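> Quick one: structure below, then a few questions.
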Amino acid sequence: MPSCRITNYTSRPLNVSLKHLCALHFENEVAPGATIKLKPGRVWFTLEVLVDDGQNRYSAVQSAAAIAIVSLAAVGAAAAVPVALASTSAATVSSVVVAGGTGLAAVGDAVFASVGTICTVGKGFLTAHAATAIKLTTAFIPKAVEIVEKEVGGFTA
């Protein structure tokens, strides 16, 4: 597994983090002259280094909370799609799939059959819990957007 070493060449203790939406690999209170070794894997991370003031330390709880908020917002939003599909007539979904092109007609029928079965089985459950999905989305999307905007510098239209 790849690793990286980060040395604190400053005269102040530092909090060091490799992050995506939150601190996934971190070390708090890295003393002046100290070297830390992190094993992040072969993916891109944002390096964030803060002068330690005792109040800005990274924690697994903060990271887990950020991941949970973004995940719940995504699940809530994704739950709205099947609810909409479950209420859509079979003819509408079939015509959308087949309208994609004649080469997709056979594949579309097979996919439609599977989607139709899933929608039929899940329709009652999804319809019954649509209000919960909407509440999750409403509650968590603003905080998820705030977390993502902080990480990537904001959304643009």
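The values are calculated or read from the model by the stated rules, or taken from the named source; none is laboratory data. Bear in mind that the values here come from a model prediction, so they are computed numbers and not experimental data. For neighbour counting, all protein chains shown are included, and Cβ atoms are generated from backbone atoms with ideal geometry for every residue, glycine included. We work out accessible area using only protein heavy atoms, side chains counted, and drop any ligands, DNA or RNA first. Shrake-Rupley method; radii C 1.70, N 1.55, O 1.52, S 1.80 Å.
> For region 29-44, give me each residue that is open to solvent by less than 50 Å² (accessible area, probe 1.4 Å) and either within 24 Å of the chain's Cα centre (by Cα) or within 25 Å of SER71 (Cβ to Cβ) (or both).
LEU38, PRO40, GLY41
> Going through VAL49, VAL61, VAL70, VAL83 one at a time, which residue ends up being open to solvent by less than 80 Å² (accessible area, probe 1.4 Å), modelled with pLDDT of 85 or more and hydrophobic (A, V, I, L, M, F, W, C)? Spell out the reasoning first.
Working: VAL61 fails: open to solvent by less than 80 Å² (accessible area, probe 1.4 Å); VAL70 fails: modelled with pLDDT of 85 or more; VAL83 fails: modelled with pLDDT of 85 or more.
VAL49 is the lone residue from the list that is open to solvent by less than 80 Å² (accessible area, probe 1.4 Å), modelled with pLDDT of 85 or more and hydrophobic (A, V, I, L, M, F, W, C).
> Answer yes or no: is there a residue in region 89-106 that is part of a helix (DSSP H, G or I), open to solvent by less than 70 Å² (accessible area, probe 1.4 Å), touching a Leu at 6+ places or on another chain (Cβ under 8 Å) and modelled with pLDDT of 85 or more.
no
> Just checking, how many residues over region 1-28 are modelled with pLDDT of 90 or more, open to solvent by 20 Å² or more (accessible area, probe 1.4 Å) and in a loop (DSSP other than H, G, I, E, B)?
So the answer is 5.
> Still on this structure: Scan region 1-55 for residues that are small (Gly, Ala, Ser), on the phi < 0 side of the Ramachandran plot and out of contact with any Lys or Arg (no Cβ under 6 Å at 6 or more places or on another chain) and report the count.
Step one: filter region 1-55 for residues small (Gly, Ala, Ser), giving 3, 11, 17, 23, 31, 33-34, 41, 54.
Then keep just the ones that are on the phi < 0 side of the Ramachandran plot; that gives 3, 11, 17, 23, 31, 34.
The next check asks that each one be out of contact with any Lys or Arg (no Cβ under 6 Å at 6 or more places or on another chain); those that pass are 11, 17, 23, 31, 34.
Of the residues in region 1-55, 5 are small (Gly, Ala, Ser), on the phi < 0 side of the Ramachandran plot and out of contact with any Lys or Arg (no Cβ under 6 Å at 6 or more places or on another chain).
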